[in-house]
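Visitor: To start, I am sharing the structure in question, which I have written as structure tokens.
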Amino acid sequence: MCGRYTFFNNIDSVKSSFDIDVIDSSIVDHQPSYNISPTQYAPIIFQDNTNRVLRNMRWGLVPSWSKDDRFASKLINARSETIHEKPSFKNLISTNRCIVLANGYYEWVYTDNKKQPYFIYSTENRLISMAGLWTEWESVATFTIITKKSDQSISHLHHRMPLVIPNENIDSYLDNRNLLKDFIQIDDMKLNSYQVSTFVNSARNNSVNCIDPIE
């Protein structure tokens, strides 16, 4: 799964790299984040008719039909294998796709009876474009990250990983007419990892120290 991640690029670079047409007002006060956690807000790319939009949304999908937001902390990930079966996701996959931007994400591995955090990132040090779904609940935009079986390069850390969409396939992914299964087997981005301090364990800690490697 993906339960914490980072995004610390500046918005201008995202606008040019991802052909953003509209930057929502929610982005104005954007600050770099080294420890994005469930229920926090983060920049998301989605397609609004002919415009590609960048907007802050809250992590943890709350279905539009939900009576309250108790789903938020539970629906942070959506398994690609069952996405067409789950009531919370099955309609959104054909209407409300999005791209979740990350410089990297964290996984915790049990070592000597303790949980050791790892930071996972692109070997080319480029942004990771994670496939997602989004919706609105009582005017609050929320999102979830789609996951798949881990690629071999990181399977020793966790059996699940975000579904990464190569930049050249983002247009196709955001086109709701294309099938999700066509993107599952694309393995374009090579990922690497290193150990980081347990400083990242607390969602209250949000500084560059979160991604500092430990010896």
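Visitor: Work out the length of the dipole vector of the chain about its Cα centre, built from +1 on the beta-carbon of each Lys and Arg and -1 on the beta-carbon of each Asp and Glu, and round it to the nearest 20 debye.
Guide: The dipole magnitude comes to about 700 debye.
Visitor: Mind putting a number on the dipole of the stretch 62-135 about its Cα centre? Charges go on the C-beta only, +1 for Lys and Arg and -1 for Asp and Glu, and I need it in Debye to the nearest 20. Don't jump to the answer; show the numbers that get you there.
Guide: Working: 10 positive and 7 negative charges, 39 e Å.
For this selection, approximately 180 debye.
Visitor: Continuing with this model, one more query. Among DSSP bridges having both ends in the stretch 59-153, what percentage is antiparallel? Round to the nearest 5.
Guide: Working: 20 of 24 bridges.
The antiparallel proportion sits near 85 percent.
Visitor: Within the set of other residues whose C-beta is less than 14 Å from the C-beta of residue 106, count the net charge using Lys and Arg as +1 and Asp and Glu as -1.
Guide: Net charge in that neighbourhood comes out at +1.
Visitor: Using θ = phi - 60° and the Karplus form 6.51 cos²θ - 1.76 cosθ + 1.60, what ³J(HN,Hα) does each residue of the stretch 32-40 get, whole Hz, x for Gly and Pro?
Guide: x, 10, 10, 7, 6, 10, x, 6, 8
Visitor: With unit charges on the beta carbon (Lys/Arg positive, Asp/Glu negative), name the residue among 54, 18, 213 whose Cα is farthest towards the positive pole of the charge dipole of the chain.
Guide: 213
Visitor: I've got another one for you. Over the chain, what relative contact order in percent results from Cα pairs under 8 Å that are six or more residues apart?
Guide: Relative contact order comes out at 22 percent.
Visitor: Follow-up. For log10 I(q)/I(0) by the Debye sum over Cα atoms at q = 0.09, 0.12, 0.14 Å⁻¹, which listed value, (i) -0.32, -0.59, -0.82; (ii) -0.42, -0.72, -0.93; (iii) -0.50, -0.79, -0.96, comes from the coordinates shown?
Guide: Read-out taken from this structure: (i).
Visitor: In addition: Please order 108, 59 by the number of other Cβ within 10 Å, starting at the fewest.
Guide: Starting with the residue having the fewest Cβ neighbours, the order is 108, 59.
Visitor: Right, something else. Considering the dipole of the chain built from charges on the beta carbon (Lys and Arg +1, Asp and Glu -1) around the Cα centre, which of 203, 66, 93 is farthest to its positive end?
Guide: 66
Visitor: Can you put 121, 105 in order of Cβ neighbours within 10 angstrom, beginning with the fewest?
Guide: Ordered from fewest to most neighbouring Cβ atoms within 10 Å, 121, 105 come out as 121, 105.
Visitor: With just the Cα atoms defining each centre, how far is the stretch 112-127 from the stretch 1-76? Give it in Å.
Guide: 21
Visitor: Related question: Just need the relative contact order of the stretch 1-82 here, percent rounded to a whole number, with Cα pairs under 8 Å and 6+ apart.
Guide: Values: 116 pairs, mean separation 23.2, N = 82.
In percent, rounded to a whole number, it is 28.
FYI, it's all coordinate maths here, none of it is from the lab. Predicted model, so just to flag it, every value in this text is computed and none were measured. Using ideal geometry, Cβ is built from the backbone for each residue, glycine included, and neighbour counts are taken over all protein chains shown.
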